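The values are calculated or read from the model by the stated rules, or taken from the named source; none is laboratory data. These figures come from a predicted structure and were not determined experimentally. Cβ: placed from backbone, ideal geometry, glycine included. Neighbour counts: every protein chain shown.
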Amino acid sequence: MDPALGPPEAMAEKRDELTPMMGQYHDLCERYDDALVLFQVGDFYETFCGAAERTARLLEVTLTSREDSTGEYPMTGIPIDNAESYIEDLLEAGYRVAVADQVEEPGESSGVVERAVTRVITPGTLTEDELLSSDDNNFVAAVARGPGDHDGLPDRDAHLALALLDVSTGDFLATSSSSEEAIADEISRFDPAEAVVGPDVRAGRGDATPDSSVPDDTDFFPEDCMVTPFDEAVFDRDRAAETVADYFGAPDSLLASDPEIRACGALLEYAEYARGSESEAEAEADDERESDRLEYLTHLRRYDPREYLLLDAVALRSLELFEPRAVHSRDDATLVGVLDETASALGGRKLRDWLRRPLLEPDRIEARLDAVEELNGSVRAREKLQELLRDVYDLERLIGRISRERANARDLRSLRDTLAVVPDVRAQLEDADCERLEQLHADLDPLADVREVIDDAIVEDPPIEITEGGIIAEGYDGDLDDLRETARDGKQWIDDLAERERERTGIDSLKVGYNSVHGYYIEVTNPNLDSVPEDYQRRQTLKNSERFVTPELKEREDEIVGAEERADELEYELFRDVRKTVADEVERVQDLADALATVDALVSLSTVAAQYDYARPELLERDRERGERGLEIDIEGGRHPVVERTQASFVPNDARFTDGQRLAVITGPNMSGKSTYMRQVAQIVLLSQVGSFVPAKSARLTPVDRIFTRVGASDDIAGGRSTFMVEMDELATILREADERSLVLLDEVGRGTSTADGLAIAQAITEHLHDEVGATTLFATHHHPLTEVTEQLADAFTLHFEVDQADGEVVFRHEVAPGAATGSYGVEVATAAGVPEPVVERSRELVAEAEDSPHAGGEGTGTAVEEPTADAGSTASRTTADGGDVPADVAAELRALDLGHMTPVEALTELDRLKRLLEE
Ligand code: ADP
């Protein structure tokens, strides 16, 4: 147990003797024993004992101690004013933080000040703007499992359910699947910061007690996702159903399975828990589930992963959607970096959601494309829209704060300022032709009523504090105006007092002043003390003067102070009413936010399309009745959206896949452009399905269901697995799950093992993908003999990258051409890279020797096999790495291998056996 968590031992031992304050600390630590408790004492958050030692070290703050009659306790204090940055560090160190605030003014009641945990801050439940990235969602996930092993059962009892909630924006999603991998893929897609798990999902990573009857689900969650085991009771089916019903109505009509209901219910309760409470009494009531609902959670969207282009973690990474592939790359060397020209945080998040979930449904894609195209028509309109959208505040988080009663008057003004922009945004879409923009025009409700409420009630430039007045506008409330007038009159009376008293007493130097201890006073310098009238009462004696009050001054002062105090209280009350009135419109504000976000994202896509000369993709339907099988992809002059941005000039390339031309084996030396080419094909497909224009002269394609990639060495060093094992694992997934609506990218498969093994695996995979799977495949390889294999496969073909060679120098043309490459130019590349001349010279000799030897061809130099061996047409004698014949029986066995149903180890064992057969 972490000594920073739970009640400190030194206190637990003598709980009954502790001072009331320390007792409170002890009890809060006990109640929130999975969080580090920050305990408000005046202007500081304090921690004690183990927690103090830990925070002192983590936050580099001084460790002191607090001593009372019961002992001395180590202590640290962090100033409340900039607590956020400290809290951020604590979260980063893996802690949840329970903030225990003083919830009454000191002296309000007898005894110790009441404190309550007003929020539990966890990585997945952040709502503080300072701790959140503005243009990305921050999700907390919950996972629940259906009973038993339910492969293949209908949705009602789907195996695994996933709920995702962004507490800061109110985005709430749920899905389920009988495939564990599908759920893992969805988790990668949304990349939650935290996952809440219940009794049927083991937390792994040592967080929970190991229980062998429950499957280990650690693999679901990315390394940086905090796994939070939470109160098992909230996962109970009936309780969860009740929770969901409380928010959204009948759960059965909304959600597809019991696990979904359980995941959603649990997540709602977790969000309520993290929200904290206004008082200790309320916190206790929470335990009986009577807490305040989070009113801004208005929508729960159930979706099926099969509605979207499937991208697993590997594909997200290798296609550089959100993270650059190489650690040293610039942060914007990503697809989102190129595409994001959004002007508002709302738009930024919308665009990321679109990229995360490209569409399949042609109608939905076309609707976006129509809008982008129409916006392309007018640069002026687009620029105007962007200018307007820059003034749009983060409405989703604003209304969330307003609804959670965390918003101040400035937040309301920000909402109002955004509403003021809406009519202008709307006007820009007045003449929209396409359906999508027309709809957005209709959806952009400027919420005039809400704006009016704020305009009437809140002054233009209110203070941050909401309890100290200065918020409510003149004329909004009669009582407030009266109180203010009383205070103003009083002050005027005091302002005039000095003049009046000077006249009355004849003391020209008489002054009226104010200090916080004595209030208003009349000051008379020593030489004039004789002229002081009877009714002056001495209050303070200074070196050169005396200060007095008069009964009337005191009376006026009390009046002013009283009026001001009552005014502040009344303002606070009125402010809360206004905030509540606005909060009641949460759904309308959210709908408006969604419309603005969509406009922003579409304008961004259109801006990028114009700026970088993208073309509108044409979506095709395949006519399966006419025997058209897989995908059709026809890209003319395609470019890599990210690489072309970092490159002085980029060479466009075509790509064409259709029946009869489905599997491309691509050869060419290192650095010639193979991997760029493959990835650009996938990215153009992906962008098309996002509804974006694409970096190409033209693109015609059928929507793809799923993109698989096995690109580059994604060494799972942390996981302790060899490159080869990772590679085989990724391959196994592809072979098992790809079908003819999949796009598969393979780069250098079989590198982690010997050349002969590597080639054998590569060939077997090629054949399997071709014969059984029918996926559209791009396969870059060093194994030149593989190009021979394509001759036997009806739908396979070869491509290579052209390289010019002059005076021993290699010039990469980055141009794709039909056919196989003739050499690898490895030696020349080595020269170009600055490998010392003697080494290069020796390499040349070795290559020459190898080419002369009878076994020329095999090794990684990639020299193409010169002569296909006898009767190339016969399937019994496909060429192997050794250039010899494969006996018919071995070939038959190889072909019969059902790789889709083999583990990598089984595959290896089998290959090993076949190899031995060959060697016999
Ligand atoms: P390979 O996969 O064949 O080793 P890459 O695709 O990684 O080669 O390309 C190597 C480098 O060549 C890229 O980083 C890029 O700088 C450049 N490059 C690739 N394709 C092109 C292209 N079509 N036009 C211009 N430069 C390119």
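Listing for the model above:
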item	result
Per-region count, the stretch 874-920, residues charged (D, E, K, R) and at pLDDT below 65	2
Hits in the stretch 171-199 - residues which are part of a loop (DSSP other than H, G, I, E, B) and within 16 Å of Glu269 (Cβ to Cβ)	Gly198, Pro199
Extreme residue, modelled with the highest pLDDT, among residues of the stretch 785-828 that are of a type in the set (Phe, Trp, Tyr) and within 16 Å of the ligand (Cβ to nearest atom)	Phe801
The lone exception for Arg368 - which of (1) under 16 Å from Val694 (Cα atoms); (2) modelled with pLDDT under 95; (3) out of contact with any helix residue (DSSP H, G or I) (no Cβ under 6 Å at 6 or more places or on another chain) it fails	(2)
Answer residue from the stretch 656-695, given it is β-branched (Val, Ile, Thr) and away from the ligand (no atom under 16 Å from the Cβ) and is surrounded by the most Cβ atoms within 10 Å (Cβ to Cβ) among those	Val685
Breaking point among (1) over 60 Å from the mean Cα position of the chain (by Cα); (2) buried (at least 16 other Cβ atoms within 10 Å of the Cβ); (3) farther than 14 Å from Val549 by Cα, for Gly490	(1)
Residue under evaluation Ser698, criteria (1) modelled with pLDDT of 95 or more; (2) within 12 Å of the ligand (Cβ to nearest atom); (3) of a type in the set (Ser, Thr, Tyr), criterion not met	(2)
Selection from the stretch 615-641 of residues that are touching a Ser or Thr at 6+ places or on another chain (Cβ under 8 Å) and more than 16 Å from the ligand (Cβ to nearest atom)	Ala615, Pro617, Glu618, Leu619, Leu620, Glu621, Arg622, Gly630, Leu631, Glu632, Ile633, Asp634
Long-range neighbours under 6 Å by Cβ, at least six apart or interchain, first residue at negative phi within the stretch 732-743, second surrounded by fewer than 16 Cβ atoms within 10 Å (Cβ to Cβ) and among the small types (Gly, Ala, Ser)	Leu735/Gly900; Arg736/Gly900
Test: residue in the stretch 642-652 that is aromatic (Phe, Trp, Tyr), within 16 Å of the ligand (Cβ to nearest atom) and under 30 Å from Glu809 (Cα atoms)	yes
Residue in the stretch 220-229 that is surrounded by fewer than 19 Cβ atoms within 10 Å (Cβ to Cβ), modelled with pLDDT of 65 or more, over 15 Å from Ala266 (Cβ atoms) and of a type in the set (D, E, K, R) present	yes
Cβ pairs under 6 Å, 6+ apart, first in the stretch 552-576 and closer than 9 Å to Ala487 by Cβ, second of a type in the set (Val, Ile, Thr)	Ala563/Thr486
Filter result (within 22 Å of Glu374 (Cα to Cα) and in a helix (DSSP H, G or I)) within the stretch 438-455	Glu438, Gln439, Leu440, His441, Ala442, Asp443
Single residue of the stretch 394-415 satisfying the filter (basic (Lys, Arg) and surrounded by fewer than 21 Cβ atoms within 10 Å (Cβ to Cβ)) that is nearest to Asp456 (Cα to Cα)	Arg413
Of all residues in the stretch 192-219 being closer than 28 Å to Arg317 by Cα, modelled with pLDDT under 85 and of a type in the set (A, V, I, L, M, F, W, C), the one that is surrounded by the most Cβ atoms within 10 Å (Cβ to Cβ)	Val201
Pick from the stretch 763-784, criterion away from the ligand (no atom under 16 Å from the Cβ), in contact with a Gly (Cβ under 8 Å, 6 or more places away or on another chain) and of a type outside the set (A, V, I, L, M, F, W, C), ranking: modelled with the highest pLDDT	Thr776
So Val561, is it more than 30 Å from Ala696 (Cα to Cα), of a type in the set (A, V, I, L, M, F, W, C) and surrounded by fewer than 20 Cβ atoms within 10 Å (Cβ to Cβ)	yes
Single match in Ala655, Ala699 (criterion: in contact with a helix residue (DSSP H, G or I) (Cβ under 6 Å, 6 or more places away or on another chain), in a strand (DSSP E or B) and more than 23 Å from Val711 (Cα to Cα))	Ala699
The stretch 57-102, residues that are part of a loop (DSSP other than H, G, I, E, B), surrounded by fewer than 18 Cβ atoms within 10 Å (Cβ to Cβ) and not small (Gly, Ala, Ser)	Glu60, Val61, Thr62, Leu63, Thr70
Selected residue [out of contact with any Lys or Arg (no Cβ under 9 Å at 6 or more places or on another chain) and not small (Gly, Ala, Ser)] from Asp445, Asp456, Asp461	Asp456
Some residue of the stretch 383-403 being touching a residue at least 60 places away in the same chain (Cβ under 8 Å) and closer than 30 Å to Leu701 by Cβ	yes
